[in-house]
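A quick write-up on the structure given underneath.
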Amino acid sequence: MSGGFLFVIGQPGAASYFLPLWRAWLAQPPAWPWHIFADPSVASALAANGIGGECVTSDGTDAEGITALVARLRPSALVTSTSFRFVEGIALQIASERRTRCVQLIDSHYDYALRLRATNGGGAAPPHLILVLDRVAELEAVGEGLPAERLRVAGNPAWEHVPAAPPGDPKRAAFVSQPVQFDYGDRLGYSERTALALVARAMERPDCMFDELRLAAHPREQWQEQDLPRGCTIGPSGDAAVAEASTVFGMFSSLLVQSFLAGRRTIYVLPETATADLCGLGRHGYLPRASTSAEVSAATAAPIDATKVSEVRSWYADSRRRVEDVLLSVL
């Protein structure tokens, strides 16, 4: 390979973002070469989704191995995420030294500037272009000091075709968890456990609409049944727990966004002790917020606002083509 794209992917979320694009390129090979350098855990997930073989490398995750890979492939552009992983930062430094154009993805609605600083370190030049999800992300990223001329609103290919949700059990709710305590410590003023406990307490109220709460655990979490509040059980998988429920609670994960786009009643939980709000759709009024058990019950009884769902779905229309157009602009 000489020219084209080298994707450096450090965590599963970024892999999910680009997966529809890679599948399209495998189905109809483009005029440009491309290759993925993935963290080993990401590479196994890609293989399960049919992306592997000669187009993925997961060996040599130290600086020497990445340097050798870049020297061998000689890409025209480096594409990477912003997940604080070593492989991303070192690849950016090598690309900077070789004067290779870089595109970075910020696939979240929070910590835009922090993600770039923590991932890139001090040795890499700023990326030529920065992919963000939508206008909300663009406005907030500019507010955090990122250069507006380098931002590109490209949507999210993984959210472009979220199917409509079938009806769930009206008496069953799901809580989408994520490792908040591990990732943030006490910075947010709450954890996944305090948020789950808040939702579970609503079942003690006579006006609560659900009497069963399923935990949709994050892949990096290790929950035990004895750790759960009364009335809560662990779902067989995150997707299964969400699929069975008519109401989905969560904090700020991508699965929460997908639940909303599918048309499920989706509520974000922000305990009263919170010192930060990382739910972008919640901050801007697209998701209802619950901070007390009474608010949990009230939000569960409220109708779904189909107009808001339709508006947000429109933000991600044609995402795969938009991402491809941005990438081709740096070749």
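The values are calculated or read from the model by the stated rules, or taken from the named source; none is laboratory data. Note that the coordinates shown come from a computational prediction; the quantities given were computed from them, not determined experimentally. Heads up, the Cβs are rebuilt from the backbone with ideal geometry, glycines too, and the neighbour counts pull from every protein chain shown. With ligands, DNA and RNA removed, areas are computed over all heavy atoms of the protein, side chains included. Shrake-Rupley method; radii C 1.70, N 1.55, O 1.52, S 1.80 Å.
For every residue, the table says whether it meets (1) under 30 Å from Cys279 (Cα atoms); (2) open to solvent by 40 Å² or more (accessible area, probe 1.4 Å); (3) among the small types (Gly, Ala, Ser); (4) in contact (Cβ under 8 Å) with a residue 40 or more places away in the chain.
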| residue | (1), (2), (3), (4) |
| --- | --- |
| Gly50 | no, yes, yes, no |
| Glu54 | no, yes, no, no |
| Gly60 | no, no, yes, no |
| Ser76 | no, yes, yes, yes |
| Glu88 | yes, no, no, yes |
| Gln93 | no, yes, no, no |
| Glu97 | no, yes, no, no |
| Thr100 | no, no, no, no |
| Val103 | yes, no, no, yes |
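Output yes when any residue across segment 75-86 is over 26 Å from the mean Cα position of the chain (by Cα), aliphatic (A, V, I, L, M) and not in a helix (DSSP H, G or I), and no when none is. Scanning segment 75-86 turns up no residue that is over 26 Å from the mean Cα position of the chain (by Cα), aliphatic (A, V, I, L, M) and not in a helix (DSSP H, G or I). Pairing residues of segment 1-29 that are under 22 Å from Val70 (Cα atoms) with residues that are among the aromatic types (Phe, Trp, Tyr), at Cβ distances under 6 Å and at least 6 apart in sequence or on separate chains, gives Gly4/Trp32; Gly4/Trp34; Phe5/Trp34; Val8/Phe37.
Looking at Arg201, Arg205, Arg220, just one residue is surrounded by fewer than 16 Cβ atoms within 10 Å (Cβ to Cβ) and modelled with pLDDT of 95 or more, and that residue is Arg205. Hey, can you tell me all the residues within segment 160-192 that are open to solvent by less than 50 Å² (accessible area, probe 1.4 Å), closer than 30 Å to Asp318 by Cα and part of a loop (DSSP other than H, G, I, E, B)? Within segment 160-192, Glu160, Val162, Ala165, Gly168, Ser177, Gln178 meet the criteria.
Ser253 - would you say it is open to solvent by less than 20 Å² (accessible area, probe 1.4 Å), touching a Ser or Thr at 6+ places or on another chain (Cβ under 6 Å) and not β-branched (Val, Ile, Thr)? Show your work before the answer.
On the way: open to solvent by less than 20 Å² (accessible area, probe 1.4 Å): yes; touching a Ser or Thr at 6+ places or on another chain (Cβ under 6 Å): no; not β-branched (Val, Ile, Thr): yes.
Against the criterion (open to solvent by less than 20 Å² (accessible area, probe 1.4 Å), touching a Ser or Thr at 6+ places or on another chain (Cβ under 6 Å) and not β-branched (Val, Ile, Thr)), Ser253 does not qualify.
Criterion first (hydrophobic (A, V, I, L, M, F, W, C), in contact with an Asp or Glu (Cβ under 8 Å, 6 or more places away or on another chain) and either at pLDDT 95 or above or within 30 Å of Ile66 (Cα to Cα) (or both)) does Val132 satisfy it?
Spelling it out, Val132 is indeed hydrophobic (A, V, I, L, M, F, W, C), in contact with an Asp or Glu (Cβ under 8 Å, 6 or more places away or on another chain) and either at pLDDT 95 or above or within 30 Å of Ile66 (Cα to Cα) (or both).
Picking from residues in segment 8-43 that are under 26 Å from Asp134 (Cα atoms) and open to solvent by 50 Å² or more (accessible area, probe 1.4 Å), the one that is modelled with the lowest pLDDT is Pro12.
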